[in-house]
Amino acid sequence: MMAAPTAQAHEATETTATRITEEAKDALRAYFSTLDVVRTSKLPRKGASEVLDNIIISHASLTREKAGWQLRKYKIEQNIITPVDATATQDEIVTGLTHAVRIASSTFGRKLSTSSTTVLSPS
């Protein structure tokens, strides 16, 4: 028969969540603004960006995981990640795709056809 866990043991297994300070958020936003962030951009690996590593070290409440979430929030704020609109026109879809992946709209001009209609061709 196992003994019931003590309150002290329970406290040791709990993790305390800390919020990121506004200073840390501002530092990350400033750092992200210097990058060429696109929809598929990921947080640089540890050691790949000295600036990012210094930001994480200098702010005690900041972890790499939280910095990754801040990158996602930054993408949403900058409209790099946008929700899909089911009523969007063909031109709006092409514009949204070219903005999201930052390639020329002529790339979407390749004939993607279904029977006789061309889909996603630039106007």
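The values are calculated or read from the model by the stated rules, or taken from the named source; none is laboratory data. Computed from a predicted structure; not experimentally measured. Reconstructed Cβ throughout: ideal geometry from the backbone, glycine too, with neighbour counts over all protein chains shown. With ligands, DNA and RNA removed, areas are computed over all heavy atoms of the protein, side chains included. Shrake-Rupley method; radii C 1.70, N 1.55, O 1.52, S 1.80 Å.
Okay, here's what the table says:
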{"quantity": "Positions within the stretch 31-90 being open to solvent by 90 Å² or more (accessible area, probe 1.4 Å) and closer than 19 Å to Arg19 by Cβ, in sequence order", "calculated": "Ile57, Ala60, Glu65, Trp69, Arg72, Lys73, Glu77"}
{"quantity": "Options Leu112, Leu120, Leu97; residue that is of a type in the set (A, V, I, L, M), modelled with pLDDT under 80 and open to solvent by 80 Å² or more (accessible area, probe 1.4 Å)", "calculated": "Leu112"}
{"quantity": "Condition met for Leu43 (in a loop (DSSP other than H, G, I, E, B), within 30 Å of Thr98 (Cβ to Cβ) and within 16 Å of the chain's Cα centre (by Cα))", "calculated": "yes"}
